[in-house]
Structure formats: structure tokens, C-alpha cells
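Heads up, the thing below is written out as C-alpha cells.
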Amino acid sequence: MLCLMATIRELAEILGVSRGTVDRALHNRGEVSPEIRELVLSKAKELNFQPNRAGIMLAMRKQPRKIGALVTSVGNPFFDPLIAGMEKASADSSDFGFSIHIEKVKGFGKETHLAAIRHLVMEVKCDALVLATIDDKDVEECLSASGLPVIAVNSDISYPGKLCYVGPDPYEKGALHAGLLAMTSREKRRIIILKGSEAMKGHENIVRGFLETLESKNADFTIEGIYSTSDDDIIAEKIVREALETHPEADTLFITTAGVAGAMKGAEGRDLMIFVSDDIPSTKEFIRSGRIKWTICQEPFRQGL
């Protein structure tokens, strides 16, 4: 079958309108009446219109777009592949005039995150934001005031103006951990839980999914303590040592986010069932040695893409 493809010039001639009108109708920009837009789109579909890649590249280069990304990657190797994914996507889109500026911060302090977002908006002058940030009303107000398109990555936020969320379902991740625990242990478990921060929606939902699923399975367990480590190895080590002194009967350690290496150091000498999230290099070594029973991963490189 012969496949004919029209150009913008040909569409304009057929419809008796200007090329500018056709371009605005096809790309939904500028003022075009609904009737003309519908006519252009219908005729373009009929004639199998395909945008010219070279023309798109040329147009985008005239109006380059910068995407600002915020990740809590300082001291957290989980984000290395996520950043690599972002950088690959940026390189793949460079012909279209897109670039990415990655702002790396440590921890979950509100002022740290607000300062980073304001820097991306006011100083870097980004055209859109991709954020692994805290779930906070002040952050929502800052994003709303920016007027920029926003995508949440890795951990969702409640901001109603976001375009979408790219990342795992943390509740289901916690539920899967609970299911594995229920299958591998029939005896009562006395559990210590480490999470990153109450400010991160994803971190809270992992714990919620874990606890609610254990309850739904009528598992025999007690929670000896739930502690926030800020995804920091030094803090995690200190918390685990103190928690095990306070709760010597604890026999299970669930590390929901980062801080695994520190937590493992704090648990040295104790016979614990330990399971964690993600597959950073140190975690892989602990699994090979048998100290960690399992981990559940979330493909950070694909999140970055």
C-alpha cells in the first residue's frame, strides 16, 4: 500500500490557511479557533502527517529547555544509578535542546529542600522540575508559586499541581516484605524498623504497607521500635546499637531505606533476621555473606530515565 505523508506547507495549501496557523493548531500553541484546530488535526490524520525531526530539533534549539532535578543523593549511593538515568535521558534529548541540572542535597531538612528548589527556579532558571523531595505544605506553596511543571520521582508528594509520579509503589513494597517474612518465619518476631524520614511520603508508606499486611495475615509479631535515620549510616549505627540495648529481645531488623552499612555495623554480634530495601554494593555483599536475608529493589536507573 502506498503511504503518502503531507508537510505543513501542503496542509496549509489544502486547507487554505497559513503555515503558521497549521503549526499552531498541530502543536496547540497560540490562538487558533477550535473549528480550525479540529479541521487541521483531522486533515493531518487523514494525510498521515508526520512531524519532521530535523525541523523539531531546529525549533527546540532556538528555545532550549532546562530541567531541574533535586535528589537526596549526598551520602546515599542508591541515587547514583538514578542520576545516571537522568544524565542518559538528558544526553539522548540534547538534540531537542533539553538539558538537566541536578541539585544534590543531604537529608530531609525542610530549609535545605526549599533552598534547593528556589535555587533551581530563580538562579538556574529551570523550565520544569523533577523532585525527590519531602511531602510538606511549604514545599507545595513554593512549587505552586514557581508555576513550573513538576514531576515527583522515587518518593511521591501530595502537591496537587504535579504532572505525575515516577517510582515504585512503596506501600506494595512494604507489603511484599511482610509477605516474605510471613512465609519464611512462623514464630513470633520482635521487630525493629528503620526508616529514612517522616517527611518523605514514600518512607512512611513502606512502613504502613508492612504493618498493615502483617496484621492482615494475622502474623505473630511485636514492634519494638520505629526509628528515623535520615538515611545516614552514622545515625543508623548509633540508633541500632541503642535500640538493641533497650530492646535486647528484638530478633528482627527491617531497614526500609538507606543507612544499611551503618545499621549492619550497629547490629554486629547479634543473631538477627535482617531484610532491607534496594541493591547498593554494600547490600549485595551482606546478602552474599548471609547476614541479610533478602532485599527488594526498585530499578532507580529506569526511574531516572
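Read-outs throughout are calculated quantities, based only on the coordinates presented, and are distinct from any laboratory measurement. Please read these numbers as outputs of a predicted model, since none were measured by experiment. Note that each Cβ is placed from the backbone with ideal geometry, even for glycine, and that neighbours are counted across all protein chains shown.
Projecting the Cα atoms of SER42, LEU305, SER93 onto the charge dipole of the chain (Cβ charges, centred on the Cα centre) puts SER42 farthest toward the positive pole.
For MET200, MET183, MET86, the sequence from fewest to most other C-beta atoms within 10 Å is MET183, MET86, MET200. Over all other residues within a Cβ to Cβ distance under 10 Å of ILE292, the charged ones net out to +3, with Lys and Arg as +1 and Asp and Glu as -1.
Close lysine pairs were tallied over the stretch 115-270: pairs 8 or more places apart or on different chains with Cα atoms under 18 Å apart number 10. Each of ARG302 and ARG37 was given a label point 7 Å from its Cα along the Cα-to-Cβ line. The distance between the two points is 3.5 nm. Within a Cβ distance under 12 Å of SER185, other residues only, what is the Lys/Arg minus Asp/Glu net charge? Every neighbour counted, the sum reads +3. Within 10 Å, at most 11 other Cβ atoms, and a DSSP state outside H, G, I, E, B define an exposed site. Report the longest part of the chain free of exposed GluC sites (Glu not before Pro). Longest site-free region, per DSSP loop and neighbour criteria: 32-186. Each of ALA178, ASN154, ILE274 was placed along the dipole of the chain (beta-carbon charges, centred on the mean Cα), and the one lying farthest toward the positive end is ASN154. Rounded to the nearest angstrom and listed largest first, the equivalent-ellipsoid semi-axes of the stretch 181-285 from its Cα gyration tensor are 20, 17, 13. Counting other Cβ atoms within 10 Å, keep those with at most 16, restrict to DSSP loop, and tell me which trypsin sites (Lys or Arg not before Pro) in the stretch 257-305 are left. Taking the stretch 257-305 and a limit of 16 other Cβ atoms within 10 Å, the loop trypsin sites (Lys or Arg not before Pro) found are ARG270, ARG291.
Counting neighbouring beta carbons within 10 Å and listing from fewest to most, the residues CYS297, CYS126, CYS164 come out as CYS164, CYS297, CYS126. Annotation: the residues HIS101, HIS113, sorted from fewest to most other C-beta atoms within 10 Å of their own C-beta, follow the order HIS101, HIS113.
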